[in-house]
Structure formats: structure tokens, C-alpha cells
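The values are calculated or read from the model by the stated rules, or taken from the named source; none is laboratory data. Please read these numbers as outputs of a predicted model, since none were measured by experiment. Cβ coordinates were reconstructed from backbone atoms using ideal geometry, including for glycine residues, and neighbour counts include every protein chain displayed. Quick note on the areas: whole protein, heavy atoms, side chains included, nothing else; ligands and nucleic acids left out. Shrake-Rupley method; radii C 1.70, N 1.55, O 1.52, S 1.80 Å.
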Amino acid sequence: MRKKICVLTGAGMSAESGLKTFRDTGGLWEDYNVYEVATPEAWASNAAFVREFYNKRRRQLKSAQPNEGHLALLRLEENLDTVIITQNVDDLHEKAGSSKIIHLHGELNKVRSELNPELIYEWKDDLNESDTCELGGRLRPHVVWFGEQVPMLTVAIKEIVDTDFIMIIGTSMQVYPAASLTSYAPRHTAITYVDPKPQINYELQQQVEKLHLFEGPASSKVKEAVDFILTALE
Ligand code: BJW
């Protein structure tokens, strides 16, 4: 039977594709106050500002291309059941050609109805105040803001509970519940973590004996981590 890998990606995965991370020097949270753009309270008090934050990023995403790190993950699929669990709202794993992708924090290229959250629409252009769903309700970005539930969490946990390998790439492992996903893995699961500045959070600290760090940028280090896992399979 084929073994399984869950790849947990964060903003650092797409940094070399020109998309800013959040918490690094020069990251999005230096230019924006998180409470003014990524909370339901911000949306309630200043929807125009929040819409523009996401419109700008959606425009930028149009021309963004996957980097060597995204592409290196395709080699995993030849040998392992591969599930990408991304915190990213971009579509670069899709553009790279990965097959199974779970978006924990939503998708920039989608919006949803405020009247019925199941009414989700593909949205490649700007979202305007006058745009409405088929019920006439206001549309909001299809993303998960702070203080909101993470509906895809249960789907992600179902994948993690029987995985043989985990690869973490480009996340500061600070935002929960995404940062606690590794704790659902079986005891034998080997964990690789690619990041120029890996942050060993509480959950990883408990699993440190099976943790392998690849310190550096995704564009070069994902390949090394993939080689490491494929060698372990031999
Ligand atoms: C590179 C690189 C290169 C750079 N190559 N790598 C338990 C404990 C404490 C707090 C909480 C808790 N449980 C819940 C909370 C509250 C909160 C939270 O976690 N707060 C913490 C910050 C303290 N969590 C929530 O509110 C979540 N909801 C929730 O828990 O609901 C519960 C609930 C229950 C019942 C009712 C209601 C609610 C929701 C979290 C939503 C997060 N949303 C955002 C915005 C999404 C849309 C958007 O994109 O705008 O998601 S915030 C932002 O952070 C975004 C990201 O996905 C997320 C994670 O960031 P990420 O990816 O890790 O990026 P960075 O910037 O932090 O790190 C980048 C990394 O890349 C660094 O390590 C670099 O070194 C590295 N890097 N260059 C490789 N070239």
C-alpha cells in the first residue's frame, strides 16, 4: 500500500512567488493592522477597506506563478498519497498542478454570500460594494478571519490521523488551530520542516525526536526535503 504524506504550507511557500508573508520583516502585518483587515469586526465597521485589502491581493495573484518549491512537491505524488493542507489563500499549488489541496483559511479567488455561507462563487476580479449573491445579499471574501471557525479543520484532521509523513513549509506555526495539526498524526509519523527561521511551537516540541529541519528558502530546500522522504521510502 502506498504511504501517505500531508504537506502543511504557509505564507513562506509563496514568498518567492512575490506574495508577502504576514509576520516577517516587510510582511503584510507591517503595512496593515490585522484587526483592521482580518477580523469580522473590521468587516462590520469598514467593509470598503477590507474589500480593497483583498482586491489588491487578488489583482497581484493573477500574475503570480508557482516557484521551484511548489513544483518540487509534484515529485511526492509519484510515490506517495499526497495531501496539501495549506493556510494560504492563493492558488499557487493549483497552478503548480498539485492534485489534492485543502485550503484551511479559504481562497482569495472565491467570495461567499453573507445570507447563506454555502453560496460560494469563483471571483477573479475586484469585489465591489454593489456585488450581491443570487439572494440579493452582500458578498464577502471567502477567507477565515481571526475569531472565526475553521470549517476545513475537520477535513484536514481526517487526513492527518493516518499519515506516515508530514512536511511543514514556510509557516511560523503561530496561528491556531492550523499550528496544532501535527499533534493529530500517528506516533510513527516523521516530520520535516522547511523554513529559513523554523519556529518550534509547543506541539512540535512534543514531537521533536521525529523532527527534521531544512533551514532555508522553499525554492531550494523543498527539493532536499522531498529527496529525504523519498530516500526514507526506499
Ligand atoms: C519562508 C520564506 C521562504 C519566509 N521559504 N519559508 C490557541 C492558542 C492561542 C490562540 C488561539 C488558539 N486558538 C485560536 C486562537 C486565536 C487565533 C490565533 O491563532 N491567534 C494567534 C495568532 C495567537 N485563531 C483564530 O482566530 C482562528 N479561529 C479559531 O481558532 O476559531 C475558533 C472558534 C471556535 C468557535 C467559534 C469561533 C471561533 C482563525 C485563524 C484565521 C487566520 N487567518 C489569516 C488570514 C486569512 C486570510 C488572508 O490571507 O488574509 O490566515 S491570519 C494569517 O496568518 C493567514 C495565514 O494563513 C496565517 C498563518 O500565517 P503563516 O502562513 O504562518 O505566515 P507567517 O507570516 O506567520 O510566517 C511565514 C513563515 O514563512 C515564517 O516562518 C518565515 O520564516 C517563512 N518564510 N520566507 C520558506 N522563501
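Observations, loosely collected:
- Selection over region 199-215 of residues that are within 12 Å of the ligand (Cβ to nearest atom) and touching a helix residue (DSSP H, G or I) at 6+ places or on another chain (Cβ under 8 Å) gives a count of 5.
- Scanning region 70-126 for residues that are within 16 Å of the ligand (Cβ to nearest atom), closer than 16 Å to Leu8 by Cα and in a loop (DSSP other than H, G, I, E, B) yields Leu73, Gln87, Asn88, Val89, Asp90, Asp91, Leu104, His105.
- Residues of region 210-234 satisfying the condition of being surrounded by fewer than 12 Cβ atoms within 10 Å (Cβ to Cβ), modelled with pLDDT of 95 or more and charged (D, E, K, R): Glu215
- Subset tally (residues that are part of a helix (DSSP H, G or I), under 30 Å from Phe228 (Cβ atoms) and open to solvent by 10 Å² or more (accessible area, probe 1.4 Å)) for region 57-69: 1
- Any hit, region 187-198, residues being open to solvent by 70 Å² or more (accessible area, probe 1.4 Å) and more than 8 Å from the ligand (Cβ to nearest atom): yes
- Positions within region 24-56 being out of contact with any helix residue (DSSP H, G or I) (no Cβ under 6 Å at 6 or more places or on another chain), in a helix (DSSP H, G or I), among the hydrophobic types (A, V, I, L, M, F, W, C) and in contact (Cβ under 8 Å) with a residue 40 or more places away in the chain, in sequence order: Val34, Ala47, Ala48
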